[in-house]
Amino acid sequence: MRLTEIQGKIAAACAQAGRTPSGVTLVAVTKGRTAQEILPLLEAGHLDFAESRVQDALEKWPDLKKRFPAARLHFIGRVQTNKAEEIASLFDSVHTLDSARAAEALKTAMQKTSRALPCFVQVNTGEEPQKGGVAPRDLQVVLRDIRAAGIVPQGLMCLPPAEDIPALHFALLAKLAKEEGLQNLSMGMSADYETALRLGATHVRIGSALFSAT
Ligand SMILES: *Cc1c(COP(=O)(O)O)cnc(C)c1O
């Protein structure tokens, strides 16, 4: 596990951009990882983790959270309304809200479980049909509907198309967040988090780079 190395790179990218690393949350993406692989991060004091599948998360995280109660679990998968209650119970934040319908289900689930999860709205900056997220041109309306459902969005999230230059998508997300008065930007993964930090990312979601051997 390469936590220290990545923290160092985040600090360096922040310094270059004139930002303080305390404004950045490194979210360790543990999808597909076993509890054994995750434990060294928890033991090193790391607190923010993410999973994209509710079922996989349910197999690992109730036990891990019992052992490390300060750990926070971020949801980065598609929000299915029939999973809203499990999401509200197990997770501590949602990065991928993309419809009023999902917001309504999540709001109901949060009330039922007496939990309040900060939410990001996912923007499909590449307008890819197979991907979740709100098309940029629909964002204003969807944000209004999400707020009407009783959820106050904390920021925006994107997952750029693999074949595109990520900086263009990060810049677009930052511009949209500014226009909408939203503070947080969940953007940047293993291959492009330093670029994302230059463009204002507050949450970088890193999986493979944290766990790779070399
Ligand atoms: C898997 C995943 C990541 C992490 O990707 P890496 O390239 O392994 O760092 C980040 N965000 C989302 C939404 C993911 O599904």
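The values are calculated or read from the model by the stated rules, or taken from the named source; none is laboratory data. Please read these numbers as outputs of a predicted model, since none were measured by experiment. With ideal geometry, Cβ positions are generated from the backbone for all residues, glycine too; neighbour counts draw on all protein chains shown. Surface accessibility is based on the protein's heavy atoms, side chains included, excluding ligands, DNA and RNA. Shrake-Rupley method; radii C 1.70, N 1.55, O 1.52, S 1.80 Å.
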Subject >> Selection from region 93-124 of residues that are under 26 Å from D63 (Cβ atoms) and either surrounded by fewer than 18 Cβ atoms within 10 Å (Cβ to Cβ) or basic (K, R) (or both) >> reply: K112, T113, S114, R115, A116, P118
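Here is a yes/no grid of residues against (1) within 13 Å of the ligand (Cβ to nearest atom); (2) of a type outside the set (A, V, I, L, M):
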site: K83; (1), (2): no, yes
site: T96; (1), (2): yes, yes
site: K107; (1), (2): no, yes
site: M110; (1), (2): no, no
site: C119; (1), (2): no, yes
Subject >> Wholly within region 1-110, helices (runs of 4 or more DSSP H) carrying at least 1 residues that are among the basic types (K, R) >> reply: 3-16, 54-67
Original post:
Tally time: how many residues in region 188-207 are touching a residue at least 60 places away in the same chain (Cβ under 8 Å) and assigned to a helix (DSSP H, G or I)?
Top reply: 4
**OP:** Can you give me the number of residues within region 165-182 that are open to solvent by 30 Å² or more (accessible area, probe 1.4 Å) and either within 10 Å of the ligand (Cβ to nearest atom) or not small (G, A, S) (or both)?
**Re:** 8
Subject >> Selection status of A162, under 17 Å from the mean Cα position of the chain (by Cα), surrounded by fewer than 17 Cβ atoms within 10 Å (Cβ to Cβ) and not in a helix (DSSP H, G or I) >> reply: no
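Going by the conditions given, is S22 within 16 Å of the ligand (Cβ to nearest atom), modelled with pLDDT of 95 or more, open to solvent by 30 Å² or more (accessible area, probe 1.4 Å) and closer than 21 Å to A196 by Cα?
no
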Original post:
Yes or no: L185 in contact with a Ser or Thr (Cβ under 7 Å, 6 or more places away or on another chain), outside any helix (DSSP H, G or I) and open to solvent by less than 20 Å² (accessible area, probe 1.4 Å)?
Top reply: yes
Original post:
Looking at (1) over 19 Å from G188 (Cα atoms); (2) open to solvent by 20 Å² or more (accessible area, probe 1.4 Å); (3) away from the ligand (no atom under 13 Å from the Cβ), which is the one condition that is false for E127?
Top reply: (1)
**OP:** For R205, work out the one condition from (1) buried (at least 18 other Cβ atoms within 10 Å of the Cβ); (2) closer than 30 Å to Q36 by Cβ; (3) more than 9 Å from the ligand (Cβ to nearest atom) it doesn't fulfil.
**Re:** (3)
Original post:
Does R78 satisfy being touching a residue at least 40 places away in the same chain (Cβ under 8 Å) and more than 30 Å from D145 (Cα to Cα)?
Top reply: no
Original post:
If A213 passes every condition in (1) away from the ligand (no atom under 11 Å from the Cβ); (2) of a type in the set (G, A, S); (3) open to solvent by 20 Å² or more (accessible area, probe 1.4 Å); (4) modelled with pLDDT of 95 or more but one, which one does it miss?
Top reply: (4)
Original post:
Which one is nearest to H74 (Cα to Cα), of the residues in region 188-200 that are surrounded by 22 or more Cβ atoms within 10 Å (Cβ to Cβ) and within 12 Å of the ligand (Cβ to nearest atom)?
Top reply: G188
